[in-house]
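Computed from the coordinates by the stated procedures, all read-outs in this text should not be read as laboratory data. Bear in mind the structure is a predicted one, so any value in this text is a computation, not a measurement. Because the Cβ atoms are built from the backbone with ideal geometry, glycine has one as well, and the counts that use them run over all protein chains shown.
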Protein chains: 2
Amino acid sequence: MTARLKPGERLRIVKLMAYGWSSVRSRPALHDQVVAALSAARLTSWEGLLSEQRAYLDDFWGRADVELEGDPEIQQAVRFALFHVLQAGARGERRPIPAKGLTGPGYDGHTFWDTEIFVLPVLTLTLPEAAADALRWRYSILELAKERARQLRLRGAAFPWRTIHGEECSGYWPASTAAFHINADIAYTVVHYMQATGNNAFEEEVGLELLVETARLWRTLGYRDAVDRFRIDGVTGPDEYSAIADNNVYTNLMAQHNLHSAVEAVQRHPSVAHALGVDAEEIASWRDAADKMLIPYDERLGVTPQAESFTEHEVWDFASTAPDQYPLLLHFPYFDLYRKQVLKQADLVLAMQLCGDAFTAEQKARNFAYYEPLTVRDSSLSASTQAVLAAEVGQLDLAYDYLGEAALMDLDDLEHNARDGVHIASLAGAWTALVAGFGGLRYEGSLSFAPRLPDGIERLAFRILFRGRRLRVEVTATEAMYRLLDGSPLKIRHHGDEIILPADEAVTRPIPPVKAGPRPAQPSGRAPIARRARRSS
Amino acid sequence: MTARLKPGERLRIVKLMAYGWSSVRSRPALHDQVVAALSAARLTSWEGLLSEQRAYLDDFWGRADVELEGDPEIQQAVRFALFHVLQAGARGERRPIPAKGLTGPGYDGHTFWDTEIFVLPVLTLTLPEAAADALRWRYSILELAKERARQLRLRGAAFPWRTIHGEECSGYWPASTAAFHINADIAYTVVHYMQATGNNAFEEEVGLELLVETARLWRTLGYRDAVDRFRIDGVTGPDEYSAIADNNVYTNLMAQHNLHSAVEAVQRHPSVAHALGVDAEEIASWRDAADKMLIPYDERLGVTPQAESFTEHEVWDFASTAPDQYPLLLHFPYFDLYRKQVLKQADLVLAMQLCGDAFTAEQKARNFAYYEPLTVRDSSLSASTQAVLAAEVGQLDLAYDYLGEAALMDLDDLEHNARDGVHIASLAGAWTALVAGFGGLRYEGSLSFAPRLPDGIERLAFRILFRGRRLRVEVTATEAMYRLLDGSPLKIRHHGDEIILPADEAVTRPIPPVKAGPRPAQPSGRAPIARRARRSS
């Protein structure tokens, strides 16, 4: 392009670019798509594109924004986090959401379990169609997962630990194939999505089959032993400093949830279930496996072992471990890590977040206090979970510190690898630390909150989308205010008390006091950065 | 060389060749050695070389021959076996004895634990200087083993699972580094060698340090738990279809033996022990670890689990496993094998052979019956062990079948890999099946026999060298005759009864009747070939 300008004249060039990519469509089809996008943009102009984008984002913030008074750094970080989760999720388009989203080459673009357990819960309550798309992608690789299960002499589906196209891409089976919990993680997120959206068509078309095939997996992976317990032996839970253990509690509770959920789903959709070959006997076998699920308990210590025998192992020698020997996996052999009590990341504590009904409040506090001094957080998939449970057991300052770690993982480059891309799951975890931690949001059965703020956060307000309604929750030190921004009345719980939220009228409730035990210690040198000290420095 | 012959004249050429090899000596030194050997041969002539060789072998057979009446095939096989063990051992010359001896390229010439546990026991009682040399080779790599222990953050020595020069050469740690029992195996064979030879100089120069450094390993590999048990978690025992288990009974019993033996040895040699830095506190810590060693027991089944929780795992689905799916490791993932009750090879049964005092006769029978239906013998390191225990618990026909498998492994090419070289350990095992099986030889403390023959073997006679004396044992269906061929009187036991064997006078004792339970079954299709059926066919 050339132009001849007279002195004083100005040339303004507006260049419109379009990008198209597909793993399935033909080159001409892609070309047509790009040309059409350019034509539309030319018609709309730059201003038009800008206002479309702004409208999209305004809409998103209108149902998803989190406001924080008292900590502008975390306020900024959580919006940064939500933006990246949105970007990774909204453009997923029935393809996997990778561990780094669309931001970098880390993990070679692979997708793992943390998409379901850390990222999709945020999308489910803020951009549910993106969560549905990600689960539809899982559905699209179901045949490969069934083939993988057959290879392993199991029934149902065995989803890959790391993948792009659906095939297992991991080379070290003790920390991949053996980590069967990914199947229950997918099922859990399907159920979560269904509860939050009530999208019945999704359940019929996608969810039910995912629940059925994962339930079938558990039924054959575990077995009923001679004393009538359902055991799942020789598998790996979330904590990657353990492997090939018997009856990992996270795995067994999530499998139990998977089996019960499959029973309920097939009863809601008997004809679809029939088409999948599910009969009364199979349903009974799932219910039976779930009811008999072995959940080990250490009577001596009064805590739940991460897996059978875990609490009998030697405790890692933290006192002799130097600060520069973290992450441990780069300095010590797996042989040594696997046989001792040391956690890379929350495992039993994650089970207490996701399957909270399986524990009493007292057990949660005891278990949390037990695992804190053993958890080194060499994984970014830990701080947010610890934040949620710390908040639940009343360790609000500690929860605040963990929130800081999850939220600033990339902005402060805490693991010195932000150049590889952001930690989408940790960013999603920042939202979870606020909403499920200080907001106390759970929805096992019905939607419930148990909000409680740490010193230093004066006000927390967040919005979620639940069964088509936008709900706003605002929390201060003394009270919580719930308001439906649209939609018909909704039943929720506030610290255990039922509330029927009317349309368009706020309900305020006081926050009951909490009495927490002493703050648990972390391994030497592995405490999170103290949030309040950092802010004042 | 040329020669001009007249019609009818004959030329006889005697070509003498010498072979020399060394990994340490210089080329000129090797050349000198070869030239010297040739000069000596020229002086001696072919006939001289022949008679030297014959004298060497006559001497060997004079203290080591096994005679078998009633089964000429096994008679031939056991002599073939002894010859190969002799050849591999006699020319070891302080280098490792590899798994294939000097006969083939299998296992790339590497040496494993079976040298100590299967091969050296035979050499100790027939060619003790070869056993001593093999242990001196272990001593020569002690510094590397100590370095390896340091790498693993352990004290003492961690010997390599597979090696030629002393470095660990295995690439899959769950079945190599984690198989720490190799250290107790070496210690066991040191003790065994000491008991059989009374070679005090060897103990001072070599044995003591091996015992001390391996004891130090166990002391740091295991730990005393909160209820005062010494646990060894996350290690792999002999059975390669299990890995990374807690308190493998074979490992724990052998470690206990190692620790007790080190205590006794340092008390016999206080000044050498002092030079190795052993003090009273360390000795007490070894004794304490040994005394508190955790040996799990399954009260419900009344059997000893191979490792903690083993008997709670699902039993392998043998009924659905086709004959062409053996060896299982080529058809099923380790993930599946490790988590179920299926044994590649004897594990707890080997513990009952080597540490028999830890079990009552009734426990041995119950344990043997429990593990038989689970053991598929995908390893050649199993049949001879099963033969020994089958004989001990009175399953004489079954022991005979296992003897056949061990003895004919290579002659009948049972594993279709004899082209890679013979199975030295299995061949040694044929001797062990006869001498420790039907001869009932043990020496925990003192030398004892409990001979008993199966139908089909009319007479078994064997010779061993024990504390400088040649001893001949001859067994028939009804009685056993013990005779010292040289040396001063020796105390032995016959089926528990003490006998003081006089010099040069045979002692005969009747064989008590045995009452065995029903013959245990093996996994479908994995029973050993019936020896008597084969002989009559």
### Task
With θ set to phi - 60°, apply the Karplus curve 6.51 cos²θ - 1.76 cosθ + 1.60 along the range B:222-237 and write out the HN-Hα couplings as whole Hz, x wherever there is a Gly or Pro.
x, 7, 8, 8, 5, 10, 6, 10, 8, 9, 10, 9, x, 10, 10, x
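Magnitude of the Cβ-charge dipole of chain B, K/R +1 and D/E -1, about the Cα centre, nearest 20 debye? Walk me through the numbers on the way to the answer.
Values: 58 positive and 71 negative charges, 299 e Å.
My answer is approximately 1440 debye.
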## Note on the structure
When the charge dipole of the protein assembly as shown is computed with +1 on Lys and Arg Cβ and -1 on Asp and Glu Cβ about the Cα centre, the Cα farthest towards its positive end, among B:LEU125, B:LEU350, A:GLY8, belongs to A:GLY8
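Remind me, relative contact order of the range A:434-537 in percent, using alpha carbon pairs under 8 angstrom and six or more residues apart? Let's see the in-between values first.
On the way: 171 pairs, mean separation 20.0, N = 104.
Relative CO of the range A:434-537 lands at 19 percent.
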### Query
Taking Cα pairs under 8 Å and at least six residues apart, what relative contact order does chain A come out at, in percent?
14 percent
### Message
Show me, bin by bin at 5 Å from 0, the whole-percent P(r) of the range B:291-332 based on Cα pairs.
### Response
5, 18, 19, 13, 15, 13, 10, 4, 2, 0
### Message
Whole angstrom only: what separates the Cα centroid of the range A:348-418 from the Cα centroid of the range B:300-360?
### Response
39 Å
### Query
Given the range B:397-490 reduced to its alpha-carbon atoms as identical point scatterers, what log10 I(q)/I(0) does the Debye formula return at q = 0.13, 0.25, 0.26 Å⁻¹?
-0.52, -1.24, -1.29
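Tell me, what is the percent relative contact order of the range B:270-350, built from C-alpha pairs under 8 Å that lie six or more residues apart?
On the way: 34 pairs, mean separation 20.8, N = 81.
Result for the range B:270-350 is 26 percent.
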### Message
What are the ³J(HN,Hα) couplings of the range A:388-403, residue after residue, when phi is run through the Karplus curve with 6.51, -1.76, 1.60 and θ = phi - 60°? Round to Hz, x for glycine and proline.
### Response
4, 6, 4, 4, 4, 8, x, 8, 6, 4, 5, 4, 5, 4, 5, 4
### Query
Applying 1/(1 + (r/R0)^6) with R0 = 45 Å to the Cβ-Cβ distance of A:GLU458 and A:SER45, what FRET efficiency is obtained, to the nearest 0.05?
0.55
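So, with +1 on the Cβ of K and R and -1 on the Cβ of D and E, and no other charges, what is the size of the charge dipole of the protein assembly as shown about its Cα centre, to the nearest 20 debye? Could you put the intermediate results ahead of the total?
Numbers: 116 positive and 142 negative charges, 475 e Å.
Around 2280 debye, computed over the protein assembly as shown.
Peptide A:336-342: average number of partner chain Cβ atoms within 10 Å per residue? Intermediate values should be presented prior to the final figure.
On the way: counts 6, 1, 5, 10, 3, 1, 0.
Across the residues of A:336-342, the mean count of other-chain Cβ atoms within 10 Å is 4.
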### Percent breakdown of C-alpha pair distances by 20 Å bin, ordered from the shortest bin, for chain B
21, 55, 21, 3, 0
#### Entry: Residue-averaged 222 nm ellipticity for the protein assembly as shown, from DSSP H runs of 4+ at -39500 (n - 2.57), nearest 500
-12500 deg cm²/dmol
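If you take all C-alpha pairs in the range B:201-297, what percent of them are over 18 Å apart? Intermediate results must be reported in sequence, preceding the final value.
Values: 2098 of 4656 pairs.
Result: 45 percent of Cα pairs exceed 18 Å.
Let a ≥ b ≥ c be the square roots of the eigenvalues of the Cα gyration tensor of the range A:1-147; is it rounded (a/c under 1.5), or, if not, prolate (a/b larger than b/c) or oblate?
Values: a/c = 2.44, a/b = 1.37, b/c = 1.78.
Verdict is oblate for the range A:1-147.
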### Message
Within 11 Å, Cβ to Cβ, of B:ASN183, how many net charges do the neighbouring residues add up to if Lys/Arg are +1 and Asp/Glu are -1?
### Response
0
### Task
Treat the range A:424-537 as a sphere of radius equal to its Kirkwood radius over Cα pairs and apply Stokes-Einstein at 37 °C in a medium of 0.692 mPa s; give the translational diffusion coefficient in µm²/s, rounded to a whole number.
209 µm²/s
#### Entry: Rough spin-label spacing in nm, given labels placed 7 Å along Cα→Cβ, for A:ASP413 and B:ALA527
7.1 nm
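Would you tally the net charge around A:LYS146, using a Cβ to Cβ cut-off of less than 11 Å, leaving A:LYS146 out, and scoring K and R as +1, D and E as -1?
Working: positive: A:ARG148, A:ARG150, A:ARG155, A:ARG216; negative: A:GLU143, A:GLU147, A:GLU209, A:GLU213.
Overall, the nearby charge balance is 0.
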### Message
Quick check: residue separation of B:TYR172 and B:ARG94 times 0.36 nm, minus the Cα distance between them. What number comes out in nm?
### Response
25.3 nm
### Task
Taking H placed 1.01 Å from N in the peptide plane, check which residues at least 5 places from B:ARG467 or on another chain put their amide H under 5 Å from its amide H.
B:THR197
### Query
Say each of A:GLU69 and B:MET17 gets a label point 7 Å from the Cα, pointing the same way as Cα to Cβ; how far apart are those two points in nm?
9.7 nm
### Task
For the range B:470-490 and the range B:239-281, write down the distance between their C-alpha centroids in whole Å.
34 Å
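Assuming R0 = 35 Å, can you tell me the calculated FRET efficiency for the pair A:SER488 and A:LEU276, based on Cβ-Cβ distance, to the nearest 0.05? Intermediate values should be presented prior to the final figure.
Details: r = 34 Å, r/R0 = 0.96.
In this case the efficiency is close to 0.55.
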### Query
Got a sec to turn the phi values of the range B:459-469 into Karplus ³J(HN,Hα) couplings, 6.51 cos²θ - 1.76 cosθ + 1.60 with θ = phi - 60°, whole Hz, x for Gly and Pro?
8, 10, 10, 9, 10, 9, 9, 9, 6, x, 9
### Query
Any idea which of A:LEU210, A:TYR241, A:VAL272 is furthest toward the positive side of the dipole for the range A:206-283, if Lys and Arg beta-carbons carry +1 and Asp and Glu beta-carbons -1?
A:VAL272
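Stokes-Einstein at 20 °C, 1.002 mPa s, Kirkwood radius from Cα pairs: D for the protein assembly as shown in µm² s⁻¹? Before the final figure, lay out each step's value.
Details: Rh = 33.4 Å.
It diffuses with D of about 64 µm²/s by this estimate.
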